[in-house]
Each structure stands twice: as C-alpha cells, then as structure tokens.
Amino acid sequence: GTASSGHYIAYCRNNLNNLWYEFDDQSVTEVSESTVQNAEAYVLFYRKSSEEAQKERRRISNLLNIMEPSLLQFYISRQWLNKFKTFAEPGPISNNDFLCIHGGVPPRKAGYIEDLVLMLPQNIWDNLYSRYGGGPAVNHLYICHTCQIEAEKIEKRRKTELEIFIRLNRAFQKEDSPATFYCISMQWFREWESFVKGKDGDPPGPIDNTKIAVTKCGNVMLRQGADSGQISEETWNFLQSIYGGGPEVILRPPVVHVDPDILQAEEKIEVETRSL
Ligand SMILES: [Zn+2]
C-alpha cells in the first residue's frame, strides 16, 4: 500500500509471554522473532522500560497480597491502572475520566461504570495516591443528580424542537405556492438535525448562513450552487428565535403563470392579513 491507503499489519510482542504476534484485521497469529526482524517496518513503537516503575508495580502487588482489611473502599480509573501496569511514567491518577464536573458519575456512563472503575482497599489507594497524586479520591459512586436533570432537560428540548419543526414543515409542504422561501445552510441544518435526533451531542451554535449568502447591490442573495435548504418563514422564525444567527436569505420565486386559483388564494391571504 501507500501512505494514504492499502492494507497494513502489525507485529506486537505480548509482554506476559514475550511471544510475537501478527495482527491482520480480525486474525491474530503467533510468529517467530525472525519474521519480525525481516519485516519492512514503516513505523515502530517502543515500550519505555523503567526499573522504578517495575519496582512500584511489585510493591503494589505485594500490598495486594497482604489484603489488609479496610473500612473504606476507593474507586480508581481502570484507564489509569492500565497506565500504571504498563507505562514507565503513568502520570497523576486520572479519576476524572469517569466523573462529571460535579464529582458524580455522568448518567450516560452509569450503565458501564464497572468497565471504567476498579474498587481498591484503602491502603492501596493511599499508596498510589501519595506516590502519583492526581485524583480526586472517590469512595462513593453515585449518579450525578445535576447532570441527570440537565440530561432530562435537553432530551425534552430535543423532542420539542423536532416536533415543532415537523409540524411547521408539514404545513409548509401543503402550501401550493409560498410567496417566500427562507434558505438555510445545510451544514448548520445537519448539525441541528443530529442534535434533535441523536442521543447525545450538544446543540449547534447560532445559524450560520454566511457560506450560502452573497451580497449584491446591498441585498443578501443566495449564492449559486450553495448547499442550502428551503424552509418557511415560520420555521425560520422558530429556529432563529432559539439559535439566533443569520443572515436572512430570502427567495421570492417569480410568479410565472398566474393560475386563477392561486390568484384567489393570494387575495384571500391579503384579505385575511388586512382583517388582522
Ligand atoms: Zn454532574
């Protein structure tokens, strides 16, 4: 293959049995050391060895064997533990990888929290914590109430926005010949769509029509070949009231052929508008 495409395989050494393996997509096979030595490597990864790290690992595993009874249990990030088991310099304990900013478990991680944390007796925690720092110390796991409320609020918002959009768009589709179309950047629209349809992900920023708009003689017009969609004035106002942004790109389709029915309909709208 080339640098941008092709098929690549990897040779990795298992640190536990010191044997080499070939990783080729879904198949893994044991290979000899000479196979690895004669391969044309294009990238090499080394593992930094450290006497000190080895010593620390031995010290902790000895402590684990003592099994000192402890009143308190502490939770530690499995991700950090993996670093501790394999890295020369594991760095500070990173318990924030399973906590929210409020110090609880984020609701979306609650379902697989066992995959993220390991419970340690107090003496082991104290040892690791005093040696590596970081943290924070966690001896109670709970689903964060603040995040839970926040998640419910955003879920409700998603549903409402989607429902209102569908309703407004249905009404727009039924209109025979709308006098105006509002154009919206599809790039922004897709972001909004994935927010309202998705399970997580943040709401998009303000509507950004700058890429689909072009100013001619002081008027904002639709740029030719722009990636844009058409929505009704009501839908535009609805989205704009929530997200802000702009600019407004309005299309007024020219009336080519005036059908008597359409004329009547237009008159009707006018009369109705006046009576308001
Ligand atoms: Zn929280």
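Structure notes:
- Close pairs (6 angstrom Cβ cut-off, 6 or more residues apart or separate chains): touching a residue at least 40 places away in the same chain (Cβ under 8 Å) in the range 128-150, within 16 Å of the ligand (Cβ to nearest atom) and open to solvent by 70 Å² or more (accessible area, probe 1.4 Å) anywhere: 144/102; 146/102
- Filter pass, residue 58 being of a type in the set (Lys, Arg) and assigned to a helix (DSSP H, G or I): yes
- Residue check, residue 182 among the aromatic types (Phe, Trp, Tyr) and within 27 Å of residue 224 (Cα to Cα): yes
- Positions within the range 159-193 being part of a helix (DSSP H, G or I) and over 22 Å from the mean Cα position of the chain (by Cα), in sequence order: 163, 164, 165, 166, 167, 168, 169, 170, 171, 172, 173, 174
- Scanning the range 86-109 for residues that are open to solvent by 30 Å² or more (accessible area, probe 1.4 Å), within 20 Å of residue 153 (Cβ to Cβ) and hydrophobic (A, V, I, L, M, F, W, C) turns up just one, 101.
- Criterion: surrounded by 12 or more Cβ atoms within 10 Å (Cβ to Cβ) and in the same structural domain as residue 202 (by TED's automatic domain parsing) - qualifying residue of 120, 128, 162: 162
- Restricting the range 184-207 to residues that are surrounded by fewer than 12 Cβ atoms within 10 Å (Cβ to Cβ) and not small (Gly, Ala, Ser) leaves a set whose member that is nearest to residue 243 (Cα to Cα) is 202.
- Among residues of the range 95-124 that are in a strand (DSSP E or B), those with a beta-carbon under 6 Å from a residue that is within 11 Å of the ligand (Cβ to nearest atom) at least six positions away or on a different chain give the pairs 105/143.
- Candidate set: the range 12-30, residues that are over 33 Å from the mean Cα position of the chain (by Cα) and of a type in the set (Ser, Thr, Tyr); chosen: the one most open to solvent (accessible area, probe 1.4 Å): 29
- In the range 89-110, of all residues being farther than 20 Å from residue 70 by Cβ and away from the ligand (no atom under 16 Å from the Cβ), the one that is farthest from the chain's Cα centre (by Cα) corresponds to 89.
- Count of the range 131-148 residues, restricted to those that are loosely packed, with under 15 Cβ neighbours inside 10 Å, hydroxyl-bearing (Ser, Thr, Tyr) and away from the ligand (no atom under 16 Å from the Cβ), is 0.
- So residue 75, is it under 24 Å from residue 48 (Cα atoms) and among the aromatic types (Phe, Trp, Tyr): no
The values are calculated or read from the model by the stated rules, or taken from the named source; none is laboratory data. Not measured: the values here are computed from a predicted model. Backbone-built Cβ (ideal geometry, glycine too); neighbour counts: all protein chains shown. With ligands, DNA and RNA removed, areas are computed over all heavy atoms of the protein, side chains included. Shrake-Rupley method; radii C 1.70, N 1.55, O 1.52, S 1.80 Å.
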